[in-house]
Amino acid sequence: MGQPADVLRFDQVELRRWRVDDLEVLHVAISESRDHLLPWMPFAATHDRKQGEGFLSHSQKQWVLGEEYNYAITSAGVVVGSCGLHRRIGPGGLEIGYWLHHAWTGKGLATMAAAALVQAGRALRGIDRIEIHHGAPNSASGAVARRLGFTEIEHVRLPDGPDAPGETGVQVRWRLQI
């Protein structure tokens, strides 16, 4: 199936594969944005350096296995968030996930990062669709999907209910056929 490149570029963003020595920049980005991330990202509530180490180690292992491709989002040389391609929606599919540091929102960077991931996903053999999933109240994530030409395909009630304070337990799923 192949793997995406370690570095992806699109407009004002450069995505680079997370490295185990990125612990401090990851920790700062999450800690400074905790209030911004908390409504949508369950990890923000309990984030600490140990969790960051776990994420970076997990990212390295999953990359080698070909299951997840996690990237630091950088702009002007600064780490401004995180994104990834995930093989968790069945054969032929990739799911995109992303978040930004609060100071870097509203500049189109999440859309640029997702566009870079779409380009990388299109280049992988065996991929026929890419999806974005987000909580129904998270309209900013829906706007990213819409701007990139994804089609809203369904709203799904999560069996375990919401997993973050801003969530309602309903997930919106968007799809881009490749």
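The values are calculated or read from the model by the stated rules, or taken from the named source; none is laboratory data. Source: prediction; values computed, not measured. No Cβ is skipped: glycine too gets one built from the backbone with ideal geometry, and neighbour counts run over all protein chains shown. All accessible areas refer to the heavy atoms of the entire protein, side chains included, with ligands and DNA or RNA removed. Shrake-Rupley method; radii C 1.70, N 1.55, O 1.52, S 1.80 Å.
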Take the conditions within 15 Å of the chain's Cα centre (by Cα), in contact (Cβ under 8 Å) with a residue 60 or more places away in the chain and either open to solvent by 20 Å² or more (accessible area, probe 1.4 Å) or on the phi < 0 side of the Ramachandran plot (or both) and apply them to Ala145. Does it pass? no
Can you tell me how many residues within the stretch 148-177 are open to solvent by 40 Å² or more (accessible area, probe 1.4 Å) and within 13 Å of Ile132 (Cβ to Cβ)? 8
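Could you pull out the residue among Arg175, Arg88 that is at negative phi and touching a residue at least 24 places away in the same chain (Cβ under 8 Å)?
One residue alone meets the criteria, Arg175.
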